[in-house]
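Undergrad: Before I ask anything, here is the structure I am working with.
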Amino acid sequence: MRVGACAVIAGFMLFAGDLWASAVESGSPTVGLLQGLSPALHGMAAARVDPRTLGLQFLVHDQFPLLASSVVAAIGAVAMTVPLRYLAAAERARTTTAPSPVTGYLATYAPLMIALFVPVFEISLIVGAHNYLSGSARTASAVSAATGGGLRVALQLIVTVGELALAAAFLLISMRAMRVGLLTRMLGIVGMISGVLFVIPLTPLPVVQALWLVFIGAMLVGFGGRQLPEAWTVLEARPWPSAPPRERRPRPQRTTRGSRSSPPPTPEPVVQRGPSPSASKKRKQRRR
């Protein structure tokens, strides 16, 4: 019950944090193509006031909602470790092959990397924006110096590694848990798709990942009166049966153009005939 509750909380908090951040960032000013080419069209090497200044002003103005949304998503990432570790441990206890400790490490440390370093990276951007706006220079080099640097590059690299590790955790744990029968085929496939979406985000919000966590929590809690898969009740693997092979039907014979397939000729019925009356009369005359 505790694991199921943590899974539901993780799904809601992860989705709520990213939804809040997307709503705040929707009002962020953007630099258009003509605005970026405007200095060159006027014969200038660079603009006196870099167009990205508006974005940094927006970052400073809405710093508290952005930080709060990242903290909400971080809470969801921390709560995510509980169901992931639980599934990984249950799979290792039931696997028929050699148990792998990799899934346990990924389930423990990958969400924590996201929960810790994503807010730190956001704070570093806000501090850089404050430093830029407190100075007098508004050139492109000043913007690059305020928002760049080795520390921010290292933080961004760590966040990227954490996202890849979290994707691998979702993918491997879902696949291995489905093999031993802890997850249904639908939940296993959705979990693997969720891992891929961490690397290739087809949607701006983690909708599939949040739904998978909520479904896992609903399954463990027994929402709707549904029973757990059979592998949860015994300490052994109970893989799902594979679909039976389909019977092959004989293919109809193809006919070439201009030719018609005629049915095979039916044999004529054989009629047994008795001796004719004239033949019987001749035989009687001969006997006489």
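Bear in mind that the values in this text are calculations on the coordinates, not laboratory data. Remember, predicted model here, so these are calculated numbers, not experimental data. With ideal geometry, Cβ positions are generated from the backbone for all residues, glycine too; neighbour counts draw on all protein chains shown.
Undergrad: Per-residue counts of other Cβ atoms within 10 Å, averaged by peptide: what ranking do you get for 77-85, 193-201, 132-140, highest first?
TA: Details: 77-85: 22.3, 193-201: 16.2, 132-140: 13.3.
Top of the packing list down: 77-85, 193-201, 132-140.
Undergrad: Still on this structure: Give the Kirkwood hydrodynamic radius (Å, one decimal) of the range 2-232, defined as one over the mean of 1/r across all pairs of different Cα atoms. Show your work: numbers first, answer last.
TA: On the way: mean 1/r = 0.0510 Å⁻¹.
Every distinct Cα pair counted, the radius reaches 19.6 Å.
Undergrad: If I model a spin label at residue 67 and residue 207 as a point 7 Å from the Cα along the Cα→Cβ vector, what separation in nanometres do I get?
TA: 3.2 nm
Undergrad: What is the gain in length, in nm to one decimal, between residue 141 and residue 237 on full extension, counting 0.36 nm per residue of separation less the C-alpha to C-alpha distance? Walk me through the numbers before you get to the answer.
TA: Numbers: separation 96, 0.36 × 96 = 34.56 nm, distance 6.01 nm.
Length difference between fully extended and current span is 28.5 nm.
Undergrad: Please give the peptides 208-219, 176-187 ranked by average Cβ packing (other Cβ atoms within 10 Å per residue), highest first, as a rough proxy for protection.
TA: Numbers: 208-219: 22.1, 176-187: 19.7.
Ranking the peptides 208-219, 176-187 by packing returns 208-219, 176-187.
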